[in-house]
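Remarks on the structure that follows.
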Amino acid sequence: MRTTLTPWALALALPQALAQQGCAPVNIIVARGSTEQPGVGLMGAISSAAAQQIPGAVVTPLDYPAQLNPYPPSVAAGVVSMTDLLTQQTAACPQTRLVVMGYSQGAHVALDTLCGSSLNGFTPSAAQASAVGASIAAVILAGDPTFVPGLPSNRGTSQDAGIFQTRDMTQCGDVPAKTLSFCDTNDRFCAGGDSIPVHLSYFGNAAYVAEAVEFVVASVGAGAANGTTGAAVRRRWAREAARLPRD
């Protein structure tokens with residue numbers, strides 16, 4: 001059975017609230033895409049399916065503007081909101097495994113929170129990976145405007161960078177080893193192309209949805225991010241990291 005926590009309830013002293021109701025074994029935090037209505041948005045295709053396979057899992061929509069214009073202040077607000085949520089969650093329920101999902105602007109918010117950012121035109125943010133990374137079981141991204149090509153965590157057909165300059169991935173800790181990032185060729189935002197339909201297509205791709213759900217369930221249930229699978233991905237990531245450009 002899946003339970004959805006509203007952002008308004010979370011705002012009312014999250015640590016105390018979670019302590020009173022008991023900590024969920026898994027909290028799936030979802031940052032929706034630009035202009036989507038409050039809630040989980042299109043990413044709900046993955047978050048709902050994953051939660052249904054994880055006993056006791058809850059789904060928490062991130063409370064942030066998700067505005068397309070102006071975009072940078074919306075990202076900044078999302079980073080503040082996600083940082084607060086992750087920090088409070090790990091303090092109140094240190095045993096809860098966290099899954100972070102982000103689509104489009106939500107993916108941008110997720111990585112700016114976990115990896116930090118000093119992108120021109122955006123509010124600088126400090127990486128939270130070292131503070132909360134141990135609680136992160138998996139990260140699922142789609143249509144990330146800061147997409148970095150050539151990473152082991154990448155899925156899809158794109159070999160091109162997102163529309164915003166490449167971030168410094170070296171601040172991400174082991175987050176990339178716990179991540180799947182979907183981006184297809186010609187996506188307007190994650191691949192610098194000109195297709196909005198491609199950007200909207202990920203959640204209608206049954207293979208992508210199935211892979212993401214399987215990854216989350218395996219990472220949570222079998223500890224893949226900290227076991228053999230995660231170690232193998234981390235080794236591949238280490239080989240790539242030295243070649244990554246900094247922002």
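A few comments on the model shown:
- Residues Ser130 and Leu68, FRET efficiency given R0 of 35 Å [Cβ-Cβ distance, rounded to 0.05]: 0.65
- Grouping the Cα pair distances of segment 29-121 into 5 Å bins from zero gives a pair-distance distribution of 3, 14, 25, 24, 18, 10, 4, 1, 0 percent in increasing distance order.
- Cβ-Cβ distance of Asp194 and Thr87, R₀ of 45 Å, FRET efficiency by 1/(1 + (r/R0)^6): the value works out to about 0.70.
- Zone residues, segment 149-164, relative to Ala210, backbone N less than 17 Å from point 7 Å out along Cα-to-Cβ: 156
Values quoted throughout were computed directly from the atomic coordinates according to the rules given, and no laboratory measurement underlies them. No experiment lies behind these values; they were computed from the predicted model shown. Ideal geometry is used to build each Cβ from the backbone, glycine not excepted, and the neighbour counts take in all protein chains shown.
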